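*Asks:* If you scroll down you'll find the structure; I have some questions about it.
The values are calculated or read from the model by the stated rules, or taken from the named source; none is laboratory data. Predicted model, so just to flag it, every value in this text is computed and none were measured. A quick note on method: Cβ atoms are made from the backbone with ideal geometry, for glycine too, and the neighbour counts reach across all protein chains shown.
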Amino acid sequence: MKEKTLIGSVVAGGMVMCGCSFAEQPTGGIPAAPDYSVDSAWLAKPDATDKAIDVFYVYPTIYSGTDPENMDISDPALRANAAGLLEAQAAVYSPHANLFAPFYRQQSGATQSMKAGNDGNDPFLDPRFQVGAGDVERAFEYYLTHLNPDRPFIIAGHSQGSMALINLMRKRFNDEALQKRLVAAYVIGYSVPVKELDEYVWMKPAQGETDTGIIISYNTEGPDAGPSPVLYPGKVVLINPLNWKTDATPAGPEANQGAKFFNDATGELIEEIPNFTGAHIDEEKSVLIVDDMKTPKSDRIDLVNLGRWSDRVYHRFDYAFFFNNLTENVRKRIEAYNAEDKADEKQ
């Protein structure tokens, strides 16, 4: 597989939103738009599609510059820092699906704040976010037209990547043909308010381990965590990746098939820890709470100093803590989708 890459140190672990009125436009000039007809515009694009299912993956915030305020995907240093998250995150999907991932001119982490719930503002209206989100829309249209006219697919991301996919689902998935091809949407590390589902009725939350055409989402915190910009007030779409329950039913560490901690910039596996943590849903706060965590052996894994994230807001580890469970769940949902598809053909 030919995998072009873009991702290094995830800006303090992912997407954060700006607490502002969004009247401003991006400064320093907007970098040239990607041309998705050329391979260099793709972080990952396989030479051959040897699997029956695809995954369209969108990486989280990795750019933190101020000039320009959107990432220039031609920047050699950024491109050199890019491959890591294909292992640290997308490897959850790639054992089971052909991996496609576009470069996009994401909003810089420097223009984002850490205010809880984005300080009441709608980050989807930020023109800087819409530059990158528009790229993801164009990449997806190119993908459908030229790279996948008929195969089923997963869409998956983290943080700002998940935000771009939520934006895409709002705009594009009121289309029964696409809905039928969607195995699942793993929009991890961002909030999908339940109240929005009345407007976007085609966006359906997962209810269990093997339902398809649905949204899988959660935000990871420890007990008594500080404020988080990706956690919206009110009820949000939420499922526990250890037991695939949507209520407060706890899952102990024995349900954790293995955490995997990577160097996000290089894709190097630092440590794998079986039964790393348990988890339960805090229904009042609408967040996934981890408990009974083991202590990593490697001093390269720091679960205390979380950069600009509040104490015990484990946003940057949304994939790592549950890596093997997510990988297994992707396999199960694909199998369930294939079984449903065969049943439909017989009717």
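*Asks:* Which of the residues spanning the stretch 190-204 are part of a loop (DSSP other than H, G, I, E, B) and loosely packed, with under 15 Cβ neighbours inside 10 Å?
*Replies:* 199, 201
*Asks:* Considering only residues that are touching a strand residue (DSSP E or B) at 6+ places or on another chain (Cβ under 6 Å) and among the aliphatic types (A, V, I, L, M), look in the stretch 173-186 and name the one that is farthest from residue 335 (Cα to Cα).
*Replies:* Going through the qualifying residues, I end up with 185.
*Asks:* Is it fair to say residue 92 is touching a residue at least 60 places away in the same chain (Cβ under 8 Å) and touching a Phe, Trp or Tyr at 6+ places or on another chain (Cβ under 6 Å)?
*Replies:* no
*Asks:* Also: From the list 340, 345, which one is closer than 28 Å to residue 194 by Cα, over 22 Å from the mean Cα position of the chain (by Cα), modelled with pLDDT under 95 and not in a loop (DSSP other than H, G, I, E, B)?
*Replies:* 340
*Asks:* Another question, then. Report, ordered by the first and then the second residue, all pairs with beta carbons closer than 8 Å, sequence separation of six or more or different chains, a first member in the stretch 131-144 that is in contact (Cβ under 8 Å) with a residue 24 or more places away in the chain, and a second member that is polar (S, T, N, Q) and part of a helix (DSSP H, G or I).
*Replies:* Between residues of the stretch 131-144 that are in contact (Cβ under 8 Å) with a residue 24 or more places away in the chain and residues that are polar (S, T, N, Q) and part of a helix (DSSP H, G or I), the close pairs are 132/160; 133/167; 136/167; 137/167.
*Asks:* Every residue in the stretch 30-61 that is under 23 Å from residue 163 (Cβ atoms) and either of a type outside the set (A, V, I, L, M, F, W, C) or assigned to a loop (DSSP other than H, G, I, E, B) (or both), please.
*Replies:* Hits for the stretch 30-61 are 30, 31, 32, 33, 34, 36, 45, 54, 57, 59, 60, 61.
*Asks:* Can I ask one more? Farther than 24 Å from residue 276 by Cα and buried (at least 16 other Cβ atoms within 10 Å of the Cβ): does that describe residue 155?
*Replies:* Taking the combined requirement at face value, the residue satisfies it.
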